[in-house]
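Structure first, commentary second.
The values are calculated or read from the model by the stated rules, or taken from the named source; none is laboratory data. Everything numeric here is computed off the predicted structure, so don't read it as measured data. Note that we place each Cβ from the backbone using ideal geometry, even for glycine, and neighbour counts take in every protein chain shown.
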Amino acid sequence: MGQYYQPPPPGYGTQPQYAPEPPEAGSIKSLLNIAGIISLIFGILFILGAVAFLLFTFFFGFIISVIYLVFGVVDLLIFMNCRSISDMVGARQYEQAKSKTLVWMIIGFIFGGLLPGIIILIAYLKFDPLINAARAPQGYGYMPPPPPPQQGYRQCMGCGQQIPANSYGCPYCGRQG
């Protein structure tokens, strides 16, 4: 046979280390969740108010019903977009999330009610320190360079892990070569 057991390389089977989430990102996500919940509650109440005005009044109630319905739909849209902005913050897309937050903050102030707009404004103001920290070379997104290769090992071109120099494929990511 001629084959022998070769132990796995050091660190085999361990998860790659990611930079921790900055505290500002957590507070932004919390504020967006609060604004989303309040917008959802307002949206439901506005839609129920629209139905009530439509059922219990005539022409004047129709106009108010349409206005309430528009406010309710906008609040539901704010709720959905708060979730997507929170996902963008989780994916560390801070600048895109900030610009999207600005749009929904303005819409929140105009159509969604004052409270969701104020909470989204606070979240918007917290983006600047987060973006500045992410841009800094030693910021939250900084990952130290990988250690130099050990004797008999090389770096995989696919995932950057140390693999045996004589292996044909990477045991971490499966890249051949």
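For the stretch 72-121, give me each residue that is hydroxyl-bearing (Ser, Thr, Tyr) and in contact (Cβ under 8 Å) with a residue 12 or more places away in the chain.
Residues satisfying the conditions are Ser84, Ser86, Tyr94, Thr101.
List every residue pair whose Cβ atoms sit under 8 Å apart, with the two residues 6 or more apart in sequence or on different chains, where the first one lies in the stretch 25-47 and is under 21 Å from Tyr124 (Cα atoms) and the second, anywhere, is at pLDDT below 95 and of a type in the set (Ser, Thr, Tyr).
Final answer for the pair search is Ala25/Tyr94; Ala25/Tyr140; Ile28/Ser86; Lys29/Ser86; Leu32/Ser86; Leu32/Thr101; Asn33/Ser86; Gly36/Ser86.
Report yes if some residue within the stretch 121-142 is at pLDDT 90 or above and among the basic types (Lys, Arg); otherwise report no.
yes
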